[in-house]
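Student: Sharing a structure below in structure tokens format, with a few things to ask.
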């Protein structure tokens with residue numbers, strides 16, 4: 001697989017400083033169990049203070065696209081997986097409200113649709129099944145749109161993220177990873193139950209096919225274990241989200257080096273299959289794109305190269 005590019009990408013702005021304790025928290029975000037939140041794992045990162053949603057008002061035309069029961073209720077039950085910057089995290093241990101890209105996008109959509117968001121924190125792996133049961137109306141957690149997930153879940157896309165790799169900054173054995181056979185002989189750490197783990201396991205044969213020593217995969221359900229592993233040299237390479245690893249590499253305190261994009265994926269709001277709210281959310285995201293709010297949100301979180309041209313409903317997975 002090769003990396004794809006977006007025509008809207010521009011130079012990345014500098015992002016806020018993050019403490020070393022947040023070193024590799026993003027590896028689980030978006031593609032697997034994100035049960036260790038930034039607050040629980042001891043992470044602390046300063047947050048941009050700009051309120052990019054303050055001027056947004058309800059758009060009556062978009063609101064009419066919502067199901068009648070949701071309009072009457074005036075609230076939307078949203079499950080949010082809170083993990084690490086820049087997606088969604090607690091800026092300090094005392095914070096009661098998460099911040100991040102996912103938070104700003106969801107809040108902006110809520111304002112355009114005239115809805116109050118009833119945000120409930122949930123683990124990544126619990127959100128998708130709960131959508132089918134009706135516990136939540138929508139979920140956010142940097143959910144990558146894959147063909148497997150599209151069989152049971154519908155998505156409304158709002159950014160383009162995906163898979164990348166990072167090593168310790170003092171590691172000179174790798175300068176980039178664009179093919180999995182570049183990992184031969186390495187120990188690769190990632191999140192248990194993630195698309196990262198699935199990708200690595202499905203392609204273990206590439207090194208043997210080339211007559212080289214296979215890479216090994218260590219999957220963890222706890223962010224702290226990955227952090228300790230890379231610091232102590234028990235893990236050579238980390239596979240995680242492009243935005244998360246790139247964010248950490250931009251911080252001098254983090255001590256990691258980003259090795260490049262491996263595979264891009266669209267990311268979207270998650271809904272139960274056939275949800276009647278899909279069109280309303282798609283319309284709201286597209287309005288944010290057209291009026292410039294979208295660009296301001298991505299610039300705030302240092303993710304302008306993850307911009308999309310327009311929101312789509314459950315597009316095919318990018319190969």
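The values are calculated or read from the model by the stated rules, or taken from the named source; none is laboratory data. Computed from a predicted model, the values in this text were never measured in an experiment. So basically every Cβ, Gly included, is an ideal-geometry build from the backbone, and we count neighbours across all protein chains shown.
Student: Within 23 Å of residue 200 (Cα to Cα) and touching a residue at least 12 places away in the same chain (Cβ under 8 Å): is that true of residue 283 in this structure? Can you show your working first?
Tutor: Numbers: within 23 Å of residue 200 (Cα to Cα): no; touching a residue at least 12 places away in the same chain (Cβ under 8 Å): yes.
Criteria not met by residue 283.
For (1) in the same structural domain as residue 277 (by TED's automatic domain parsing); (2) touching a residue at least 24 places away in the same chain (Cβ under 8 Å); (3) buried (at least 22 other Cβ atoms within 10 Å of the Cβ), each residue gets a yes or a no:
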| residue | (1), (2), (3) |
| --- | --- |
| 147 | yes, yes, no |
| 151 | yes, no, no |
| 169 | no, yes, no |
| 176 | no, yes, no |
| 180 | no, yes, no |
| 186 | no, yes, no |
| 190 | no, yes, yes |
| 193 | no, yes, no |
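To keep it simple, each residue is scored yes or no on (1) out of contact with any helix residue (DSSP H, G or I) (no Cβ under 9 Å at 6 or more places or on another chain); (2) buried (at least 24 other Cβ atoms within 10 Å of the Cβ); (3) modelled with pLDDT under 90; (4) within 27 Å of residue 194 (Cβ to Cβ).
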{"residue": "42", "(1), (2), (3), (4)": "no, no, yes, yes"}
{"residue": "45", "(1), (2), (3), (4)": "no, yes, yes, yes"}
{"residue": "48", "(1), (2), (3), (4)": "no, no, yes, no"}
{"residue": "73", "(1), (2), (3), (4)": "yes, no, no, no"}
{"residue": "116", "(1), (2), (3), (4)": "no, no, no, no"}
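Student: Hand me the list of helices (runs of 4 or more DSSP H) wholly inside the range 177-240 holding 3 or more residues that are in contact with a strand residue (DSSP E or B) (Cβ under 8 Å, 6 or more places away or on another chain) and closer than 14 Å to residue 262 by Cα. Steps first, please.
Tutor: Details: elements: 195-202, 205-209, 223-231.
Correct list: 195-202.
Student: From the list 141, 110, pick out the single residue that is in contact with a strand residue (DSSP E or B) (Cβ under 6 Å, 6 or more places away or on another chain) and either within 30 Å of residue 250 (Cα to Cα) or crowded, with 18+ Cβ neighbours inside 10 Å (or both). It would help to see each step written out before you state the result.
Tutor: Values: 141 fails: in contact with a strand residue (DSSP E or B) (Cβ under 6 Å, 6 or more places away or on another chain).
From the options 141, 110, the qualifying one is 110.
Student: For the range 241-265, how many residues are more than 12 Å from the chain's Cα centre (by Cα) and assigned to a strand (DSSP E or B)?
Tutor: Total meeting the criteria: 8.
Student: Please work out which residue is nearest to residue 117 (Cα to Cα), limiting yourself to the range 266-287 and to residues that are under 19 Å from the mean Cα position of the chain (by Cα) and in a helix (DSSP H, G or I).
Tutor: Among those that are under 19 Å from the mean Cα position of the chain (by Cα) and in a helix (DSSP H, G or I), it is 281.
Student: Ok, one more. Could you pull out the residue among 270, 284, 307, 253 that is modelled with pLDDT of 95 or more, farther than 18 Å from residue 88 by Cα and in contact with a helix residue (DSSP H, G or I) (Cβ under 9 Å, 6 or more places away or on another chain)? Give the steps one after another, and end with the answer.
Tutor: Values: 270 fails: farther than 18 Å from residue 88 by Cα; 307 fails: farther than 18 Å from residue 88 by Cα; 253 fails: modelled with pLDDT of 95 or more.
So the residue among 270, 284, 307, 253 that is modelled with pLDDT of 95 or more, farther than 18 Å from residue 88 by Cα and in contact with a helix residue (DSSP H, G or I) (Cβ under 9 Å, 6 or more places away or on another chain) is 284.
Student: Next question, about the same structure. All but one of (1) assigned to a loop (DSSP other than H, G, I, E, B); (2) within 24 Å of residue 294 (Cα to Cα); (3) out of contact with any strand residue (DSSP E or B) (no Cβ under 9 Å at 6 or more places or on another chain) hold for residue 97, so report the exception by its number.
Tutor: Single failed check for residue 97: (3).
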